[in-house]
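What follows is a set of notes on a single structure, which appears directly below.
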Amino acid sequence: MKRPFWRYGLFQIPAIFLAAFVLATGIAYLLNLGCGNFWVALFFGLSWIALAWVLIIPLDILLRSVFKFPMSFAGRLSILHAVFWTVAISTILAATLPSMWNQCMALDWAQWRANIWNEMFYYDQNTSSAPVGSRAEFSFIISDDGEISDINITTSTSNELESYVRARIESLQGSDALEFIPDTRRSEVLYESSLTICEAGSQGCGKPADAKDYPDREIF
């Protein structure tokens, strides 16, 4: 008596991978994990590939029983079907995943820049006595071990504002806000931003979106 097709390893092994990838897709979608769209696309693509291999034996049976194809031809056609989808989905993933990853990392770095700016100025209880309208443009390098170096500050009129900005930058040393986002390949970042005194005795005005960091692109 012939065994049912689902008892063959050629069906069971890809079926196990299919179940695992489908589960991973659902988890990534529901929990919206970091770079959620990236992981959903990756696991969905792998699920599709696994499904193509799961269907080898059922498709072989269908071609022989319904379309009356010879056994050897039906088997080759079933395997070719699986190979086709493996190559096609792999090509699509290779073409789309890097840009999705870079986009996700760009959003993470934007939040990282905002956290640093807020840590320097928004949460600061100290104020600057620099004249209203004073502006400072500044930059500094942050290493992957959280050290700040090469502080450069340019002000319009006020040395007091320069001292204030320098003190706020130096206060970041050892701050958790400097910790690089996970999975980055950067070893150091050049951080640039500016601050303007809009009201007397204020911390200054500006917004985190004004901040920039270089290099400005993650390499997948």
> Once a ≥ b ≥ c are taken as the square roots of the eigenvalues of the Cα gyration tensor of the stretch 103-195, is the result rounded (a/c under 1.5), prolate (a/b larger than b/c) or oblate (a/b not larger than b/c)?
Replying inline: prolate
> For the stretch 26-105, which trypsin sites (Lys or Arg not before Pro) are in a loop by DSSP, counting at most 16 other Cβ atoms within 10 Å?
Replying inline: LYS68
> At a Förster distance of 25 Å, what's the computed FRET efficiency of LEU77 paired with ALA20, Cβ-Cβ distance as r, to 0.05?
Replying inline: 0.35
>> Could you order the peptides 55-62, 182-189 from most to least packed, using the average number of other C-beta atoms within 10 Å per residue?
In response: 55-62, 182-189
>> 5 Å is the cut-off here: which amide hydrogens, built 1.01 Å from N in the peptide plane, fall below it relative to SER134, excluding neighbours closer than 5 in sequence?
In response: ILE197
> Can you list the HN-Hα couplings for the stretch 94-106, worked out from phi with the Karplus curve (6.51, -1.76, 1.60; θ = phi - 60°), rounded to whole Hz and with x for Gly and Pro?
Replying inline: 5, 7, 9, 5, x, 5, 5, 5, 4, 5, 5, 5, 4
>> For the stretch 13-31 and the stretch 59-124, what is the centre-to-centre distance using only Cα atoms, to the nearest Å?
In response: 13
>> Taking θ = phi - 60°, what integer Hz values does the Karplus form 6.51 cos²θ - 1.76 cosθ + 1.60 yield along the stretch 170-187, in sequence order, with x for Gly and Pro?
In response: 5, 5, 6, 3, x, 6, 5, 5, 7, 5, 5, 5, x, 6, 7, 9, 6, 9
>> Which of rounded, prolate or oblate describes the stretch 1-130 when judged by the alpha-carbon gyration tensor and an a/c cut-off of 1.5?
In response: prolate
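Values quoted throughout were computed directly from the atomic coordinates according to the rules given, and no laboratory measurement underlies them. The structure displayed is predicted, hence computed values, not measured ones. Note: ideal-geometry Cβ built from the backbone for every residue, glycine included; neighbour counts use all protein chains shown.
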